[in-house]
Amino acid sequence: MSERWFITGTDTEVGKTVASTALLQAARAAGFCSVGYKPVASGCDVTPEGLRNSDALALQKNSVPALPYDLINPLAFEEPTSPHIVSEEEGRPITFERLSAGLAAITQQADWVLTEGAGGWFTPLSATTTFADWVQQEQLPVVLVVGVKLGCINHALLTAQAIQASGLRLAGWIANGIQPAGKRHQEYLATLKQRLPAPLLGEIPWLTHADEFDHLGHYLRLPQ
């Protein structure tokens, strides 16, 4: 039976894909067939092959076995905005059935599957649903990515509280260096370690072009 996980962030641009890449690499090093799934992606580039999202491409690159792009990212939108806005405008609804069907197809191909959300925990998928609602339906354990900077403590605690309030298990959190470590970096980490109700899976330091690295896995341990 495949292990299935969901990765979310305290906000957009906190390094979910860098953390996802690192987890996929760590899972592969542990002997798993590990595949990343980015069911919904906005901010895609127009290419001869169709719309392509850089985050989804990173997941595809670090997935074993290699899978077609459309399986990794079935719902791709060009405009870099909240998915519920662009999907409604284009008349392409984001349904739980579509997301779940894609996850089921991925799960048949791998024994360790990581689904990466879009934006933060409550990113809307329609006028009435959020990503959090779908994760709750699928009962996926959650890994939280915290972009370490001023303000991250409040955002992390609120997100952790929301995840637990939904009845889901917060399996761990990852400290991601989205900027060079500042004067209070260690104090921020110490506070998060003390107050977040889940284990720290590791810290990824500030790295330029981190998504291009093939050795990020050694920074993390896998969630249990």
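Going residue by residue through the stretch 58-65, is there one that turns out to be open to solvent by 40 Å² or more (accessible area, probe 1.4 Å), farther than 26 Å from residue 151 by Cβ and out of contact with any Phe, Trp or Tyr (no Cβ under 9 Å at 6 or more places or on another chain)? Looking through the stretch 58-65, at least one residue is open to solvent by 40 Å² or more (accessible area, probe 1.4 Å), farther than 26 Å from residue 151 by Cβ and out of contact with any Phe, Trp or Tyr (no Cβ under 9 Å at 6 or more places or on another chain). Sort out which residues of the stretch 43-57 are of a type outside the set (Asp, Glu) and open to solvent by 60 Å² or more (accessible area, probe 1.4 Å), and write them in order of number. Within the stretch 43-57, 46, 48, 54, 57 meet the criteria. Count of the stretch 206-220 residues, restricted to those that are open to solvent by 40 Å² or more (accessible area, probe 1.4 Å) and either farther than 21 Å from residue 55 by Cβ or at pLDDT 95 or above (or both), is 2. Residues in the stretch 164-221 that are over 25 Å from residue 25 (Cβ atoms) and charged (D, E, K, R): 4 in all.
Applying the criterion of at least 1 residues that are under 21 Å from residue 96 (Cβ atoms) to the strands (runs of 3 or more DSSP E) found wholly in the stretch 1-73 leaves 3-9, 34-37, 40-42. Mind checking whether some residue in the stretch 147-158 is at pLDDT 95 or above, surrounded by 16 or more Cβ atoms within 10 Å (Cβ to Cβ) and of a type in the set (S, T, N, Q)? So far as the stretch 147-158 goes, no, none of its residues is at pLDDT 95 or above, surrounded by 16 or more Cβ atoms within 10 Å (Cβ to Cβ) and of a type in the set (S, T, N, Q). Scanning the stretch 181-194 for residues that are open to solvent by 70 Å² or more (accessible area, probe 1.4 Å) and either under 16 Å from residue 22 (Cβ atoms) or more than 22 Å from the chain's Cα centre (by Cα) (or both) gives 181, 183, 184, 186, 187, 194. Only one entry of 168, 144, 189, 201 meets the criterion of being at pLDDT 95 or above and part of a loop (DSSP other than H, G, I, E, B), and that entry is 168. Screening residue 126 on (1) in a loop (DSSP other than H, G, I, E, B); (2) under 28 Å from residue 25 (Cβ atoms); (3) hydroxyl-bearing (Ser, Thr, Tyr) shows it passes everything except condition (2). Checking each residue in the stretch 79-96 for being within 13 Å of residue 41 (Cβ to Cβ) and more than 19 Å from the chain's Cα centre (by Cα) picks out 79, 86, 87, 92. Number of residues in the stretch 80-122 that are in contact with a Pro (Cβ under 9 Å, 6 or more places away or on another chain), open to solvent by less than 20 Å² (accessible area, probe 1.4 Å) and assigned to a loop (DSSP other than H, G, I, E, B) equals 2.
The values are calculated or read from the model by the stated rules, or taken from the named source; none is laboratory data. Since we're looking at a predicted model, the values are computed, not measured. As a convention, Cβ positions derive from the backbone with ideal geometry for all residues, glycine included, and neighbour counts pool all protein chains shown. Quick note on the areas: whole protein, heavy atoms, side chains included, nothing else; ligands and nucleic acids left out. Shrake-Rupley method; radii C 1.70, N 1.55, O 1.52, S 1.80 Å.
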